[in-house]
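The values are calculated or read from the model by the stated rules, or taken from the named source; none is laboratory data. Model, not experiment: these values are computed from the prediction. Note that each Cβ is placed from the backbone with ideal geometry, even for glycine, and that neighbours are counted across all protein chains shown.
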Amino acid sequence: MKQNKDELKSARQGATPFAQTYFHGTKADLMVGDLIDVGFNSNYGQRKNAKYIFLTATLDAAIWGAELAFGDGREKIYLVEPIGAIEDDPDLTDKKFPGNPTKSYRSTHPFKVVGEVTSWQGHPPEQVKTMKEHLEQLKEQGIDSLND
């Protein structure tokens, strides 16, 4: 089927650029429209009131966030929209992974929950166990998060 130039021009005008998708892995029960904000107990480090909240542009990093989060709840991954500025997460960038290949970020501004990823594959249990053991060893050595 052949389209004329006016029809093609009209179709192109409705196109919009894709927005960056961000994920937040956790065990918290959240609903679409909820805000994730600073000031609650952190899932990591010394579990202090969190100065920052975290998001990532990769599903794999969000899966790690859900798997390593404290608590007994079901692991969840939410699609989130940052409300304010975000910056590289120094625990996963610069010193450890130059260039931020995990696309991990932090913010002092809230994130709005805009959806949930309901179908994802976690890491093998032995890999999660190894990661938790490694984090425990770092804690015993006094190496804590830069984000507490």
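Conditions (1) closer than 19 Å to residue 127 by Cβ; (2) at pLDDT 90 or above, marked per residue:
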residue	(1), (2)
30	no, yes
36	no, yes
39	no, no
56	yes, yes
60	yes, yes
70	yes, no
83	no, yes
88	no, no
98	no, no
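May I ask you to list the residues in the range 71-93 that are part of a strand (DSSP E or B) and not β-branched (Val, Ile, Thr)?
Correct list: 76, 78, 79, 81, 82, 87, 88.
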